[in-house]
Structure formats: C-alpha cells, structure tokens
Amino acid sequence: MIAAAILCAFAGTPAGVERVAAPPTIVLRDVAEILGTNLELGEIAEVRAAAPELTRRLEALDLGPAPAPGAIRTVKRDDVVRALRVAGLAGVPSGAPACRARPRVEILTGRELEDAARNALMRSFAGRDIEIEVVRPAADMPLIAPENRRDLDVDLGRRDLRPGSWSVPVDVRIDGTRAQTAWIALEVRVFERRPMAARDLRRGEPIDASSWTLERGLVEASAPPSPEPELLVGATCTRDMPRGTRITDLDVRRDPLVRSGDVVEIEVVRGGVRARSRAVARGQGALGDRVEVQSGESQRRLVGVVVARGLVRVELAVSPR
C-alpha cells in the first residue's frame, strides 16, 4: 500500500483517485484545402487525443458537404461543437475562430467525357462495323479533387442498338458519390456488307449468283432490311435496279417453295443423325422461311426451315445424357 502511494505521488495522481485521460485537443486552422465531397474535421483542424483510435474517429468526423469548386465554406467553432455533440464525442475546439475551407479543384476535360461515352457505345456495338462522331464537343468540367478515386460511369439502359443520334449520360463519381452527369451528343453510323446489284437488273428478272455482290454499305435506320445473300438465289426482281443499287427485301419477290397442304419431304436432324420422312405442310414459305409441318402417322406438328422446293429441314435438340 505504501509502495502504491509512492508510485502515485511520482505520477502526479493522489492515491485512491482514478486517473482521467486528458481531453482531446482540436486546433482549428484559419484556412484549409479539402479533398472529396464531404468535409471532415481532420481537414480543417489539428486533432490530438490520448488514444490513436479516438484521434482517427475525430479526424473522420463528418461536417457536411464540401463547397462547390470555386466556393468557400466557413466553419466556426460552434459548428464543430454541435457536430461533436451529435456524434457523442467530447472536445473543445481552439485556434482560429473559424476556418475558411475551399476544395482542391481538378479539371475533367471534355475529351475524357467524350471518350467515356464513345467507349461505352463501342462495347455495346461490339462485333459490328461502326463509326462514331462527336456532334457537339463536350465542355471541360471543374471538379472537387477526390480523396481516393474518380470514376466515369455510363449506363445505356435497354436502348435499341440503332444507327443515328445518341445522347449518352456520363456520370462522374468522386469517391463513389455521383458529383455530376454530362450528356454527350454522338452520331453512330453502322456499316454492313449488303448485297448490291452487280449489273443492271430488270423487273421480273430472276436473280442468280452473278446478279449481286457484297459491298460495305451504310445502314439507315428507316431503310428496309436487306435479305440474307443465300436467300436471293431464285428470287425475282420487283423493280428495275441499276448497277450498284442496294437490294432490299422490297426489291425482290421470293416465290413459295412450300405451300399449305403440300405433301413435303422433311429432313429431321438431331446431332449427327439425319432421317427423312413425309409430312403435310401447314403453312407457306419461300427459301429460308420457317413453316409448320404435320407428320401423317403421329399427327405430330414440327417447325422447320424451307431449304428447297418441297423440302423442309427440322432440327431437334439433343437430349442431355
């Protein structure tokens, strides 16, 4: 007991009295430069506490949103006291009566915004031949410098991937929080290898392999689609077409190779196994069209593709073992 009293005397604390940790020290700066979208106590004040964990907690105390680029936010001692009280923390700020906080500003260039929008469209149109042009240059954007990272996110939603004008939203996120959204105006041009008349074609003329050639052409959103090249053979021109004209579905007539009620041959394919039998067509179709057929014996109805006059190919899925 005597030894304990002697030790307490040297420590400056009377025997039998519990030693109380010193209150944290919070010294407010008069000016400060901050990072990120929220203002924290550690950015505008020197904070010291007996325990490192308490120091970190005080430094991370949220004092509200950071000022916008070019603006100044004045934080008074009373503002700090109220924030401490709400957080259940103790401390009496000293130093400057108020701190004038301004954000560090970085410039996000319009080129970076355009690249983010363009790259998102390129990913969406992956595998297709496209060209993208900026319709209206994007303006540079002043932003609060992040504490950790800045991200550019683009969400195109479920929009149809069509050529034409696009307005692409680019969300700018500072440390995970959306700061601003820029709308980038782009023009998307889509190209495909389409059948073109290889020579002058006349109305009523049958089309053969020498009638057309595949060439790269611009896809227009309002234009009728072009038939698949393999479906052109055997079709008939519905109008005169000079050499170099793009051939569309409206320019050709494909005569039915199977008519409803016809007795047709069906080729049933399942994996590597092929078998042929007869059935009755329950629909009409030209080359490449899908038609329903009905087996004469089982009355089972199947759907196949017309591959030749009076011939329908039916592909069945292979059952997993």
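So, VAL318, is that one part of a loop (DSSP other than H, G, I, E, B) and under 40 Å from the mean Cα position of the chain (by Cα) or not?
yes
Under 8 Å between Cβ atoms, which residue pairs at least 6 apart in sequence (or on different chains) link something in the range 147-175 that is on the phi > 0 side of the Ramachandran plot with a partner that is of a type in the set (Ser, Thr, Tyr) and modelled with pLDDT under 95?
What qualifies is ASP175/THR37.
Would you pick out the residues in the range 69-121 that are under 30 Å from ALA185 (Cβ atoms) and either assigned to a loop (DSSP other than H, G, I, E, B) or aromatic (Phe, Trp, Tyr) (or both)?
PRO69, GLY70, ALA71, THR109 - these are the residues of the range 69-121 that are under 30 Å from ALA185 (Cβ atoms) and either assigned to a loop (DSSP other than H, G, I, E, B) or aromatic (Phe, Trp, Tyr) (or both).
So which pairs qualify, if the first residue must be in the range 119-142 and more than 15 Å from SER167 (Cα to Cα), the second must be open to solvent by 30 Å² or more (accessible area, probe 1.4 Å) and among the acidic types (Asp, Glu), the Cβ gap must be under 7 Å, and the two must be at least 6 apart or on different chains?
Once the first residue is more than 15 Å from SER167 (Cα to Cα) and sits in the range 119-142, its partners that are open to solvent by 30 Å² or more (accessible area, probe 1.4 Å) and among the acidic types (Asp, Glu) give ASP129/GLU192.
Yes or no, residue by residue, for (1) basic (Lys, Arg); (2) more than 16 Å from ALA286 (Cα to Cα); (3) in contact with a Phe, Trp or Tyr (Cβ under 9 Å, 6 or more places away or on another chain):
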{"site": "VAL188", "(1), (2), (3)": "no, yes, yes"}
{"site": "TRP212", "(1), (2), (3)": "no, yes, no"}
{"site": "VAL233", "(1), (2), (3)": "no, no, no"}
{"site": "ASP240", "(1), (2), (3)": "no, yes, no"}
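Conditions tested, residue by residue: (1) touching a Ser or Thr at 6+ places or on another chain (Cβ under 7 Å); (2) hydroxyl-bearing (Ser, Thr, Tyr); (3) on the phi > 0 side of the Ramachandran plot.
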| site | (1), (2), (3) |
| --- | --- |
| ARG254 | no, no, no |
| SER260 | no, yes, no |
| GLU292 | no, no, no |
| GLY310 | no, no, yes |
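Filter the range 231-259 down to the residues that are among the small types (Gly, Ala, Ser) and open to solvent by less than 50 Å² (accessible area, probe 1.4 Å) and list them by number.
ALA235, GLY244
Taking the range 202-235 on its own, how many of its residues are within 25 Å of LEU161 (Cα to Cα), in contact with a Leu (Cβ under 8 Å, 6 or more places away or on another chain) and assigned to a loop (DSSP other than H, G, I, E, B)?
1
Could you grab me the full set of residues in the range 199-232 that are more than 41 Å from the chain's Cα centre (by Cα) and touching a residue at least 24 places away in the same chain (Cβ under 8 Å)?
ARG199, ASP200, LEU201, ARG202, ARG203, GLY204, GLU205, PRO206, ILE207, ASP208, ALA209
Go through the range 252-272 residue by residue and tally those that are in a strand (DSSP E or B), over 43 Å from the mean Cα position of the chain (by Cα) and of a type outside the set (D, E, K, R).
Step one: filter the range 252-272 for residues in a strand (DSSP E or B), giving 252-253, 258, 263-270.
From the residues that got through so far, the ones that are over 43 Å from the mean Cα position of the chain (by Cα) too are 258, 263-267.
Add one more test, that the residue is of a type outside the set (D, E, K, R), and what stays is 258, 263-264, 266.
Total satisfying the criteria: 4.
When you scan the range 153-191, how many residues do you find that are open to solvent by 60 Å² or more (accessible area, probe 1.4 Å), more than 15 Å from the chain's Cα centre (by Cα) and closer than 15 Å to ALA221 by Cβ?
Number of matching residues: 3.
What are the pairs, 6+ residues apart or on separate chains, where a residue within the range 63-76 that is within 18 Å of ASP175 (Cβ to Cβ) has its Cβ under 7 Å from a residue that is among the small types (Gly, Ala, Ser) and not in a strand (DSSP E or B)?
Once the first residue is within 18 Å of ASP175 (Cβ to Cβ) and sits in the range 63-76, its partners that are among the small types (Gly, Ala, Ser) and not in a strand (DSSP E or B) give LEU63/ALA83; ALA66/GLY36.
Only one of these is free of Cβ contacts under 8 Å to residues at least 24 places away in the same chain and either among the β-branched types (Val, Ile, Thr) or touching a helix residue (DSSP H, G or I) at 6+ places or on another chain (Cβ under 7 Å) (or both): VAL86, VAL105. Name it.
It is VAL86.
What are the residues in the range 85-104 that are at pLDDT 95 or above, within 41 Å of the chain's Cα centre (by Cα) and of a type in the set (A, V, I, L, M, F, W, C), if any?
The answer is ALA101, and nothing else.
Name the single residue that is surrounded by the most Cβ atoms within 10 Å (Cβ to Cβ) among those in the range 115-137 being of a type in the set (Gly, Ala, Ser) and more than 25 Å from LEU35 (Cα to Cα). I'd like the intermediate steps shown before the answer.
Taking the range 115-137 and keeping what is of a type in the set (Gly, Ala, Ser), we get 116-117, 120, 124, 126-127.
Subset that is more than 25 Å from LEU35 (Cα to Cα): 117, 120, 124, 126-127.
Values: ALA117: 26, ALA120: 21, SER124: 15, ALA126: 9, GLY127: 5.
Only one residue fits best here, namely ALA117.
The values are calculated or read from the model by the stated rules, or taken from the named source; none is laboratory data. Bear in mind that the values here come from a model prediction, so they are computed numbers and not experimental data. Glycine also receives a Cβ, built like all others from the backbone with ideal geometry; neighbour counts cover every protein chain displayed. SASA here: full protein model, heavy atoms, side chains in, ligands and nucleic acids out. Shrake-Rupley method; radii C 1.70, N 1.55, O 1.52, S 1.80 Å.
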